[in-house]
C-alpha cells in the first residue's frame, strides 16, 4: 500500500504501542538550548533518573546570549548559559557554547554539522524544529516535560498526526523567494489551519528551491500549525550534508525517504507559484500579510464581527490605517537574522541588494549571522564589508537575538521593524514593538528606503 | 489531577493567542518552574508601571477568580515554551475550552494537568456568551465522560484517549514510559551502527 513520507518516518521509529492509545517513538537525535532545558534536567534529578543515551544529544547556546559581544549581557542570562554547561558536563552531553566555533542558532548549526539526514527523527525544545523536514527527516518541537522524557528514555509518547500536502507548481515571479512561498502558504492555510497535521511540501517550485530555501519553508510550517513539515529527499538534500563533521558517521538511507506515488493525504492544497509575489506581513499573526505592492486591508461587508474585531485590534497595535499602501510604511529598524533566514545564502542575497547602497539615516539596521561558521564564511566572502559599508551593524556573535528579544536586543514600544524572522506576534520583539515579516532581500530594500520597499525595484536596476 | 474541573469561566475571545502573549519572554530567564503566575498574560494584565489594566477580563469582577477560560481559535500557537502552561496553572487556571490548540501547547498542558476540551465553534460561542454575562457562569469539565456541564446542559468535547488517560491517572509520563525500557532496548538493538547518533563533543 502507498504510504506518505510522514507515515514511513513514524513507522520506522515506532518502538511499541502503549495501552492508552499513544505509541512510543524513538528519537535519533535531540537538541537542547539554554532556556527550555533547565527544568528538564532538574526533573531528572528529582526523579533520580539518568540520561538514557548521552551521545545522542547536543546542547547549543542561542536564545539568551548577547550578540554584540561574547560575554553575557546580564547575570540572569549568564545563569542560564552556565546552568546548561553544568548540566551537560554532569551528564556527558555535547555542549557548543559561546566561543565555540560550532555555536550558533540550533537549527542553523545542526545541518552545518551534518547532524541531520533523510530518515532521521529529531526533537528539540523549540517549535522551529520543523526545519529538518527539508532533508526528509521528521523534526518537531517539544515542551520541557518532553525534553525530560527524551533525556530519560530516548523516546517520546506520540500520537500520529493527520497529513496535509501543499503542492506548489510553476515558476516563482521575479523577486519572490522561499520566504514568500511560506508566507503565502500561511496566508492560504491560515495560522492554525494545520493544527494536528504533518505538512508535506511538493511540486516543481519546491524542488527548484535550494536547501537553504527549503529549510526556510519547513521552518515556518509551524506558523500554520504544522507539528511537522516534510520535503522528500533528493540529491540536493544528500549533497548538502556531505563532508560535514558528522556526515560520515550517519546513514539512515537516502532517496527512499519520499512519499509513494498515489499516497493519500487527509487534506491537499494547490498553489500556483506564479501567483506568489514578494509578501509582507501587516498584522500580528503571520497569516496577516499582503503582497508588498498591496495595501493594509480594510473592513469588508461580508466580514464577521469577530474578523472585524481582529482586524481592528491588529491595526491598532501596529499603528496602521486601513487602505494605507504597504510601501508608505516607514520603519525604524531592520533586522536580518533568525533560524528562518540567517544562513549564508540569506546573507548573500541581502548583500546583493545592499551592495553600493546606504541604509536610510533614520534606520537602525542589524544583521546577526545564524552561526559562528556562517559568520566566518560570510567574512571570508567579504559579505560583512557590504553590510558594514551600507550601515548595518554586523554582529560578531551568533544567536536568535532580536527575533524573540530574549537577549539585550529588545525593540522599544512602538518601534517598527522590517524583519527576516518568523513571528509578528504582539510583543514578540519587545513590548509594543511592531514587526513586519519579509524576506532578507526585502529587509535590505526596506533598510535602504527607510520604509517598506518592493525588492523588484532593485532587481530591475541591476538588469539595466 | 481531578476527574472534573469546576469553576467560574472567563471569556477570552481573541483568536491566535500565542505563547509570547501568554508568557512574555522577560519571565523566561529562569531555571525553575515556579514564580510564573505574575508573568501570565503580563502585557494584557498590567500597564508598564505594573498597575492592573481595567480592560482585561481577569482583572475584573467576578472573573479574577476564574478557573476556566473559554478562548478563540488556535490558542497557544507559537513558541514551545512550557512556561506558558506553568504560568496559567500557577494563576489558578485548570481548564481551557476552545476549538483548536497548537500541538505543542496541547501536549504541554497534558503534562501539567491542564485540561483542554475541544468543542465545536457553536458550542464555544455558546459557552463564551454565557461566560460573558455579568454574573459569570460556572462550568464543570467532566474529563471522564468528555462533557462540559453548564446548568442542565451537557455539551460534548473531544479529547484523545491518551490525554484523557493521562488526566485521569495523573501519572508521570517519564516514569511510566520507563516501564517499556525493554522495548526501547529491543528497538535500539536493531539499529545499524550508522543509525546511532554520536555527537562529537
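Taking R0 as 51 Å, what's the FRET efficiency between residue B:182 and residue B:132 from their Cβ-Cβ distance, rounded to 0.05?
Between residue B:182 and residue B:132 the formula returns 0.45.
The calculated 222 nm mean residue ellipticity attributable to helices in the protein assembly as shown amounts to -8500 deg cm²/dmol, summing -39500 (n - 2.57) over DSSP H runs of n ≥ 4 and dividing by all residues. Whole Å is fine, so just give me how far the alpha carbon centre of region A:32-50 lies from that of region A:154-220. Answer, in whole Å: 32. Taking the fewest neighbouring Cβ atoms within 10 Å as the starting point, the ordered list for A:285, A:401, A:42 is A:42, A:285, A:401. Sorting B:157, A:252 by the number of Cβ atoms found within 10 Å of their own Cβ, with the fewest placed first, yields B:157, A:252. Dimensions of region B:76-137 from C-alpha coordinates, computed as largest minus smallest value along each principal axis and given longest first, are 32, 23, 18 Å.
A full extension of the chain between residue A:299 and residue A:274 corresponds to an added length of 6.3 nm, given 0.36 nm per residue minus the alpha carbon distance. Among beta bridges from DSSP that stay inside the protein assembly as shown, the antiparallel ones total about 35%. DSSP assigns beta bridges within region A:247-389; of those with both partners inside it, close to 50 percent run antiparallel.
For residue A:75 and residue A:100, the FRET efficiency from 1/(1 + (r/R0)^6), where r spans their Cβ atoms and R0 equals 22 Å, is about 0.50.
Neighbour counting of Cβ atoms within 10 Å sorts the residues A:2, A:419, A:333, fewest neighbours leading, into A:2, A:333, A:419. The share of Cα pairs per 20 Å bin across chain A, counted from zero up to the longest distance, runs 26, 59, 16, 0 percent. Residues of region A:403-424 with an amide N closer than 12 Å to a point placed 7 Å from the Cα of residue A:330 along the Cα-to-Cβ direction: A:416.
Note on residue A:307 and residue B:26: their simple-model spin labels are 3.7 nm apart, each label 7 Å out from Cα toward Cβ. The Cα center of region B:72-138 and the Cα center of region A:321-396 differ in position by 39 Å.
The mean sequence separation of alpha-carbon pairs under 8 Å and at least six residues apart, normalised by the residue count of region A:5-269, gives a relative contact order of 23 percent. DSSP beta bridges confined to region B:4-195 are antiparallel in about 60 percent of cases. Any idea how far apart residue B:8 and residue B:172 come out in nm if each label point goes 7 Å out from Cα toward Cβ? Here the modelled spin labels are 3.5 nm apart.
Average partner chain C-beta neighbours within 10 Å, per residue of A:238-251?
Rounded to a whole number, the mean comes out at 2.
Using C-alpha pairs below 8 Å separated by at least 6 residues, the relative contact order for region B:4-195 is 23 percent.
No lab work stands behind these numbers, since they all come straight from the coordinates. Remember, it's a predicted structure, so these values are computed and weren't measured experimentally. Cβ sites come from the backbone with ideal geometry, for glycine too, and all protein chains shown count toward neighbours.
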